2 protein chains.
Amino acid sequence: MELWYWPDLPGRGEFIRLYCEASEIEYTDMAREQSADALVEHMHELQGRRPFAPPYIVDDEVVLGQTPLILQYLSDKHGLGSGEMDVDLQLFQLQMDIADFVEEVHSVHHPIAHDLFYSDQMDAAFEKAAYFRAQRIPKYLIHFDNAIASSGGPFTLGQQWTHVDTSLFQLMEGLDYAFPNYMKAMQGSWPHLEGVQGIVPDIEPLAEYLASERRIEFNEDGIFRHYEELDDQ
Amino acid sequence: MELWYWPDLPGRGEFIRLYCEASEIEYTDMAREQSADALVEHMHELQGRRPFAPPYIVDDEVVLGQTPLILQYLSDKHGLGSGEMDVDLQLFQLQMDIADFVEEVHSVHHPIAHDLFYSDQMDAAFEKAAYFRAQRIPKYLIHFDNAIASSGGPFTLGQQWTHVDTSLFQLMEGLDYAFPNYMKAMQGSWPHLEGVQGIVPDIEPLAEYLASERRIEFNEDGIFRHYEELDDQ
């Protein structure tokens, strides 16, 4: 399977990488083996089957974008779901909620336009960040915390981890990176979610990945960015 | 099947209504039969299975939010897909792209916070709308136009319409309502998409729905809102 994503930032691609690594699904991280230019060229060649944006995978006949859809596809293909349709739909739904939240995280530092620099939309970002911290982070994290709690924990499927757990881990790591003051002040507010964040790195093949050079650090080209002024308490 | 969505605006719920009406899938529009308060109360009672936001459906054991997931679930359940996995995945992906675009449409008039009034974020909205018209609308609409073109048209599956076509119809209707000057100026730029917009209302059960009182008009409580200053050419 080929994974295509920007090579120099964790971004949405990292949600796919983490799940593949944890599940030992083999993949080639194409743009990291080649270049960002190769990704742009590859997208161009896909023409009518071109996904709207990376990440996307190529798996024989399947060319597929949209992070939650890729994760659900991989889970189904490798028999890693719950085996019950209504439960798998709940997991898919949660993964889509995560994707919505990730888009909101990005829009905090890019409230006006994707194609403008942060420095050109700082005033709006500052205003937005205050609402984001006060309203949106708690609303989403309580939602995810409730979902884990209702399974009995420690994972969203009880004893079995799924793509939702690896994604929630990355989400919490990203928030800790981007909003360290806020997240520290709120510590203990979503205990089940903090539990998932704590135990996902113990999944054995994932521990190895996280310690490797393949794991890309959060940085200010990605979705989770640390700008002190947006984490003001 | 129960559909739960805000009773007084088309919003995301209308994408579900249109598909059900076109496909003659029976549903009860619960909050329109009862009230917005009944929706809030119902969500509260769902506890750990509560979707993040309306619309959601209740279909026996299945409680499901996320518009694209609901549409794909209904398409699968009623055997309305292509019958080929990779093609159905493409349709699902396109439906998720539509949902992303719908979120961007909403963020044009709410760039700072969902919970603030438009009048409290007009300056940022004005700035954002210029980029949205210049960059985001063409980027998305060309993407959808290409997807239809690659099937040979007139629908995204050639001769067969799917949930993607009813959603693209609603998307185009919404953009015509919200940005009439822009859309008129751009007419002819996405001919396949305009084609879908033109023929979807001919799907027989849908024509009846569109002419009925059940069809909710676009308004300034919804996602597609017409504010003249955001459509400035």
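Quick note: the coordinates plus some simple rules give every number you see, no bench work behind them. On a predicted model such as this, the values are computed, not experimentally measured, just so you know. Ideal geometry is used to build each Cβ from the backbone, glycine not excepted, and the neighbour counts take in all protein chains shown.
Listed here are the pairs A:K77/B:K139; A:K128/A:K184; A:K139/B:K139; A:K139/B:K77; B:K139/B:K184; which of them are more than 25 Å apart at the Cα? Walk me through the numbers before you get to the answer.
Working: A:K77/B:K139 32 Å; A:K128/A:K184 20 Å; A:K139/B:K139 31 Å; A:K139/B:K77 32 Å; B:K139/B:K184 17 Å.
From A:K77/B:K139; A:K128/A:K184; A:K139/B:K139; A:K139/B:K77; B:K139/B:K184, over 25 Å: A:K77/B:K139; A:K139/B:K139; A:K139/B:K77.
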So if I take the centroid of the Cα atoms in the range A:106-123 and the same for the range B:154-222, what is the distance between those two points in Å? 31 Å
If each label sits 7 angstrom from Cα along the C-beta direction, how far apart, in nm, is A:M1 from its counterparts in the other copies? 2.8
Cα→Cβ-extended label distance, 7 Å offset, between B:Q187 and B:N146, nm: 2.7 nm
Taking H as built 1.01 Å from N, whose amide H comes closer than 5 Å to the amide H of A:Y56, not counting residues under 5 places away? A:W4
Ordered shortest first, which distances in nm separate the 7 Å Cα→C-beta label point of B:M122 from those of the other copies? 2.7
In whole Å, what three semi-axes, largest first, describe the equivalent ellipsoid of the range B:2-77 built from its Cα gyration tensor (square root of 5 times each eigenvalue)? 18, 15, 10
Hull surface over four for the Cα convex hull of the range B:42-121, reported in nm², is 6.9 nm²
Which GluC sites (Glu not before Pro) does the range A:138-221 hold that lie in a coil by DSSP with at most 15 other beta carbons within 10 Å? A:E213, A:E217, A:E220
Largest first and to the nearest Å, give the Cα extent of the protein assembly as shown along each principal axis. 59, 50, 48
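First select every other residue whose beta carbon is under 11 angstrom from the beta carbon of A:Y56; then total the charges, Lys and Arg +1, Asp and Glu -1.
On the way: positive: A:R12, A:R49, A:R50; negative: A:E2, A:D59.
Surrounding charge for A:Y56 is +1.
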Restricting attention to the range B:1-61, which GluC sites (Glu not before Pro) occupy a DSSP loop and are surrounded by at most 13 other Cβ atoms within 10 Å? B:E24, B:E26, B:E61
Quick one: if you stick a label point 7 Å off each Cα along the C-beta vector at B:I199 and A:E24, how many nm between them? 5.0 nm
Candidates B:L210, B:L64, B:L94; GNM for chain B (alpha-carbon contacts under 10 Å) flags as most fluctuating B:L210
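Using only DSSP helix segments of four residues or longer, with each worth -39500 (n - 2.57), what per-residue ellipticity at 222 nm results for chain A after dividing by its residue count and rounding to 500?
Working: 11 runs with 125 residues, N = 233.
Value at 222 nm, helices only: -16500 deg cm²/dmol.
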Let me check I have the definition right: for chain A, take the eigenvalues of the Cα gyration tensor, multiply each by 5, take square roots. What are those semi-axes in whole Å, largest first? 26, 24, 16
Distances from B:E217 to the same residue in each other copy, label points 7 Å out along Cα→Cβ, in nm, shortest first? 5.8
Per-residue ³J(HN,Hα) for the range B:179-188, Karplus 6.51 cos²θ - 1.76 cosθ + 1.60, θ = phi - 60°, Hz, x for Gly and Pro: 10, x, 5, 4, 5, 5, 5, 8, 3, x
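Filter the chymotrypsin sites (Phe, Trp or Tyr not before Pro) in the range B:21-129 down to the DSSP loop ones having no more than 12 other Cβ atoms within 10 Å, then list what survives. Each step should come with its number before you reach the end.
On the way: sites: B:Y27, B:F52, B:Y56, B:Y73, B:F92, B:F101, B:F117, B:Y118, B:F126; in loops: B:Y27, B:F52, B:F117.
Sparse-neighbourhood loop chymotrypsin sites (Phe, Trp or Tyr not before Pro): B:F117.
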